[in-house]
1. Residues to consider are V124, V147; find the one that is buried (at least 19 other Cβ atoms within 10 Å of the Cβ), in contact with a Phe, Trp or Tyr (Cβ under 8 Å, 6 or more places away or on another chain) and modelled with pLDDT under 85.
2. Out of the residues in the range 273-318 meeting the condition of being at pLDDT 85 or above, under 25 Å from the mean Cα position of the chain (by Cα) and part of a strand (DSSP E or B), tell me which one is surrounded by the fewest Cβ atoms within 10 Å (Cβ to Cβ).
3. When the range 184-209 is examined, which residues are found to be modelled with pLDDT of 80 or more and either touching an Asp or Glu at 6+ places or on another chain (Cβ under 8 Å) or under 11 Å from G91 (Cβ atoms) (or both)?
4. For the range 31-43, check the following and say yes or no: at least one residue is at pLDDT below 85, touching a His at 6+ places or on another chain (Cβ under 6 Å) and over 20 Å from K137 (Cα atoms).
5. Quick check on E388: is it over 25 Å from the mean Cα position of the chain (by Cα), modelled with pLDDT under 75 and assigned to a loop (DSSP other than H, G, I, E, B)?
6. Could you check, for the range 98-109, whether at least one of its residues is more than 20 Å from the chain's Cα centre (by Cα), in a helix (DSSP H, G or I) and at pLDDT below 70?
Amino acid sequence: MRKREFENEIEHLNEVVLCEACKDIVVDFFSNYDYDFSNDNETVMLCRPEPNEKIQCECCNNDIAVTSHYIITVPEHVKYEVADVLSEGIGGCEHCEGNDRASFVHSFNNDPWDRDSRIDFNTVRGDNAVLYVGEQKVPDELIHLFVELIICKCGYGREPKHPRHNPEGGVFEPYDDIYTRRDVNEFWGFDFKEFSEFGKQYDEEITHEDLLDFQNHLRNHPMLALRHPTGQVIFNILQKHFDAKAYSILNKDETQLYRGRTRKIDETALTSEQMWAPPPGKPQHGRYNSVGVPVIYVSDQLDAILYEIHPSNEELLHIVQVELLTDKLSIFDLESFDIEFQGFFSEKNEESSPLKTAYLLPNFIGTCCSFIGYNGVKYRGVHDSGSEGYMNYALFNVKPDIDLTISNFRTYNPKITYKMSEIPSIFE
């Protein structure tokens with residue numbers, strides 16, 4: 001038996017008996033989708049009760065005995081059309097996206113080369129179907145009805161499963177996981193529209209389907225990205241951007257840069273030389289570097305280092321100032337052409353889980369930029385550092401003591417505090 005989440009709920013819209021207040025909820029909701037009940041006398045029937053007749057509203061369960069009640073029937077095609085609109089924001093469900101994430105988490109947590117990084121599966125789950133439908137501004141009284149009518153892009157939903165006639169079918173239950181398109185984009189590191197718009201500036205076309213196919217190619221063949229047509233197009237875009245000198249120049253007189261590294265409290269202090277990027281073969285997987293490829297990550301705000309590195313209570317934080325010795329560093333600035341494009345390189349998911357797969361496209365971007373001749377990538381920091389905002393840089397093709405130097409070596413003992421914030425329940 002289905003668990004009820006709300007006290008008042010409309011189970012169906014086929015000759016349902018409603019009081020005037022509940023009738024208005026249905027009429028107002030469907031009017032948002034350009035369906036006008038006043039043009040169809042058969043969908044809303046005004047009925048007056050017989051003497052001594054006791055009628056209850058099928059939604060609020062209140063007695064209707066004083067004036068009148070309504071019998072409402074919404075055509076099936078209208079309900080499906082509305083449900084199709086509600087489904088447009090679905091990027092996946094537990095039967096497709098959820099399975100992909102579960103497979104990824106299993107592979108990640110069993111990586112024999114990285115036994116320290118772990119992903120808690122609960123952090124990569126989506127919202128349940130009730131929450132998703134409610135966020136589409138569906139009134140509480142109609143949420144469960146439309147939970148059973150929405151449909152995922154994989155085809156799951158709306159149609160009951162039948163072992164012979166519809167083996168892939170099924171109807172969403174209230175607690176089934178739903179993933180929005182934005183959530184899917186942020187998890188895997190893809191945001192299709194913004195990148196496509198950027199490509200059009202250089203007469204290069206990339207469709208949603210192209211990037212999805214490239215996404216799958218990167219998961220399976222990350223070292224052969226340029227063998228994929230979309231990989232070649234992305235490289236061409238970055239090359240044309242560089243040839244047009246649309247890149248930014250990092251100015252040594254205007255930019256203060258800081259770099260941080262952590263060490264365990266009982267370990268030997270780091271030296272100034274160790275504050276540079278590790279030598280080839282040593283670096284861990286980063287947003288703009290593959291395993292073993294050196295990249296220097298810096299920020300333009302001192303207090304942002306704490307939020308970018310996330311030291312633990314058992315670690316000390318070393319910070320140095322990175323000074324430029326040249327004004328010739330060419331930087332691929334993600335906000336120079338379209339501030340919305342920043343979302344394509346979103347790193348918000350890094351706070352909760354080290355999602356290596358989300359690095360695949362930025363890794364490819366960084367590799368292309370390094371090969372083409374850029375000296376780095378500039379991207380906006382997303383963590384709340386208490387400042388008005390800060391910029392991060394991933395620097396490559398730079399030489400210590402020729403292009404950069406470090407100074408003002410400092411050591412900090414971070415003090416980490418915790419604060420609990422209860423998440424309100426929509427069911428209370």
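The values are calculated or read from the model by the stated rules, or taken from the named source; none is laboratory data. Keep in mind it's a predicted model, so treat the numbers as computed, not measured. All Cβ positions, glycine included, derive from the backbone under ideal geometry; neighbour counts span all protein chains shown.
1. Exactly one of V124, V147 is buried (at least 19 other Cβ atoms within 10 Å of the Cβ), in contact with a Phe, Trp or Tyr (Cβ under 8 Å, 6 or more places away or on another chain) and modelled with pLDDT under 85, namely V124.
2. The extreme case among them is Y297.
3. The one that is modelled with pLDDT of 80 or more and either touching an Asp or Glu at 6+ places or on another chain (Cβ under 8 Å) or under 11 Å from G91 (Cβ atoms) (or both): G199.
4. no
5. Values: over 25 Å from the mean Cα position of the chain (by Cα): no; modelled with pLDDT under 75: yes; assigned to a loop (DSSP other than H, G, I, E, B): yes.
The answer is no for E388.
6. yes
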